[in-house]
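Asker: Before I ask anything, here is the structure I am working with.
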Amino acid sequence: MENRPFKTVFFPLLSATVFIFGFSHAGSFALDRFTEGSVIHPSTKVASVDIGGQPEEKAKEALAQAVADWKATANMSVELSGEETPIDLSVFHIDINRSFQSLNEGGQTPMAVSLDAEYLMEQLTAAYPEMKVEELDAAAFQQDLLSQASMLPSSSVLSLSDYFPEGSVQEVTAEALTEEITVTPEIKRFIETFPEIVIKQGTDFSFLRHMEENGFAAEEKGEDLNAVSSLLYKLILQSNFSIIERNTSQELPEEIELGYEAKIDGGSNQDFVFANPNKTDYVIQLELLNNQIYGKLVGFPLATDYKVSLKDKEEFSPKKIVQYNPFLDKNVVQVREEGRKGVLIKVFRQSIGENGELMEEELIAEDFYPPVHRIEIHSLEEAPEDVEETDIVEGPLPDTGSDTEGSGGPPPNSGSSDDSSGDEKSDEDKSSSETETELESGTSSDSDSDSKGTKSQEQKKNK
C-alpha cells in the first residue's frame, strides 16, 4: 500500500516521456523521408537549365531566374530578303509550374511556352510592310517559334520566306535595259542558251564559271559578252546582292553606259562575280528587244527598295603631244590621235524606305577612265632647236586628214550623265596644259595613260 503513490506518478510520467521522445524522432524521420522524396533526380534539365539534385522549390527559383536572364539578353530574330528583325521577347509567356508537370526525370524537358499571336504579327507587319501576311503560314511559323523559345536559346533566326508556299510570292524585283548595241552572234547565242539564270540562295555566281560549267565556249576572250555582263551588273545594283569581283577597261566601250561596265576576259581571267545573300533563289531572265538586251530579276520581294545613283562626275582634259616629221611641209599638221577626255564617276546604291525616303547610301565603285592624249605631227622646220630625237618621226606618214595648224580645235566635250549630280570642273581647272605644246614621245604618252589605268584597276580591286 506504501508504493501505490509512487506507481501512480511514475508510470504516467514514463509513458509521457516515451511518447514525447518517440514522436519527435518519428517526426524527424518522416520529415527526412519527405524531403528526400522532393529532390529532383540528377541530370534533369528544363530547357538548357540543369536542376538535377535540387529540391523542387529551389529548382523553380533557378528556372525563374534563368527565364528572366533569357528575356534580358537573348536575341531571337526573323529574316526576310536579307533583312533581320529582332522579336520582342515579351511576346512569350513561360509557365514554370506547367513545365514541372511534364518533367522528364533524368532527361531534358522543354519549357511550357505560349505567345501573344496578335502582338507578334503586329511586329512583323511593322518591320515588313510590303509582306503579304495573308500568304504566310502563320500556324507553322508560330509553332516553330515556340519550339525554339521553349529551349531558351541565346540566339536564333527564322527565315519568313520558308513559310510562304513555294512560288506563291514571286515578283520582278529589278529591271535593266542596255543602250542600243551591236547584237553579235556571240550575244545572240548566249541569250538563246541562257534565257534564265538561277542564282541559288546563299551562293555566288561567276560569269566565266557559269559558261564553263554549262559547256558554253566563248569565242576568243569572250569580250563580245561584255554587254551582257554589264547588264547583269546594272541589274543586281538594284538589289541587295553583293559584288565580289568586277573589272573595267582602260577606255569606256562605246556601247556601255558610264558607271555600269563589268568587263569579262577569259584570257586574263577577268571575271564578274556576285553573291545572293538571301534565303531564297532568284532568277535572272534575259531577252533581246531589237538592238537592246532586257533583263529582270525575279524572286521573293525584297524587304527594301534599291536604286542606283551616279554622282560626283569629273572630267580630265587630255594633253597635247607634238611630234615632228621632216617629210611634212611647213604649217601642215597631221593628227595621229584626236584625244579624249578622261572621266571619273562614283556609283552609289541607295536603300529607299516605305515612303520614298533615303535610308542608307553605300559607295559601290569609283570608275576612272584616264584621258587619251591628243597627238599632232608637225613639220620638222617648226621644231625648236632643243627638240629631242625621240620626238622626230623618221618616215613619211599616211594621209590621215591633215589640217593647217590650229584647225583641229579642242577635243569634243563628253557631256554629263543625267543620273550624275554635282558641278563638273572646268577645262581650265582640270588641265592647264591642254593647249601647251609638250616635247614628249608618243611612247611616253601611252605609258602615262597605261600607268593611270593600271592604278585605277588596282584601286578598284582593292575596294
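Asker: Under a point spin-label approximation (7 Å from Cα along Cα-to-Cβ), what is the A64-E122 distance to one decimal in nm?
Answerer: Distance between the two pseudo-spin positions: 2.8 nm.
Asker: Which distance in Å, rounded to a whole number, links the C-alpha centroids of region 102-155 and region 314-354?
Answerer: Cα centroid of region 102-155 versus Cα centroid of region 314-354: 63 Å apart.
Asker: Let me have the relative contact order for region 45-163, percent, based on Cα pairs under 8 Å that are six or more residues apart.
Answerer: Relative contact order here is 36 percent.
Asker: In sequence order, what are the phi-derived ³J(HN,Hα) couplings for region 66-74 according to the Karplus relation 6.51 cos²θ - 1.76 cosθ + 1.60 with θ = phi - 60°, rounded to whole Hz, with x for glycine and proline?
Answerer: 5, 5, 4, 5, 4, 5, 7, 10, 6
Asker: Given H placed 1.01 Å from N in the peptide plane, which residues other than close sequence neighbours of Q54 have an amide H under 5 Å from its amide H?
Answerer: HN-HN under 5 Å from Q54: I40.
Asker: What percent do you get for the relative contact order of region 170-303 when only Cα pairs under 8 Å and 6+ apart count?
Answerer: 44 percent
Asker: Tell me the label-point distance for the pair N355, S77, using the 7 Å Cα-to-Cβ offset, in nm and rounded to one decimal.
Answerer: Between N355 and S77, the simple spin-label model gives 2.6 nm.
Asker: Check which residues have an amide H placed less than 5 Å from I321's amide H, if you skip close sequence neighbours.
Answerer: R374, I375, E376
Asker: Take R189 and E212, extend 7 Å from each Cα along the Cα→Cβ direction, and tell me the distance between the two endpoints in nm.
Answerer: 1.9 nm
Asker: Moving on. Quick one: 3J(HN,Hα) in Hz for region 109-125, Karplus 6.51/-1.76/1.60 with θ = phi - 60°, rounded, Gly and Pro as x.
Answerer: With the stated coefficients, region 109-125 comes to 10, x, 5, 7, 10, 10, 9, 8, 4, 5, 5, 4, 5, 4, 4, 5, 5 Hz.
Asker: Based solely on C-alpha atoms, express the radius of gyration and the Dmax of region 108-166 in angstrom.
Answerer: According to the Cα coordinates of region 108-166, Rg and Dmax are 12.4, 40 Å.
Asker: Still on this structure, please answer the following. With θ set to phi - 60°, apply the Karplus curve 6.51 cos²θ - 1.76 cosθ + 1.60 along region 246-255 and write out the HN-Hα couplings as whole Hz, x wherever there is a Gly or Pro.
Answerer: 8, 10, 10, 8, 5, 10, 5, x, 4, 9
Asker: Which residues' amide hydrogens lie under 5 Å from the amide hydrogen of K279, considering only partners 5 or more residues apart or on another chain, with H built in the peptide plane?
Answerer: Sorted by chain and number, the residues that satisfy this are S81, G82.
Bear in mind these aren't lab numbers, they're just calculated from the coordinates by the rules spelled out. As the structure is a prediction and not an experimental result, all values here were calculated from the model. Backbone-built Cβ (ideal geometry, glycine too); neighbour counts: all protein chains shown.
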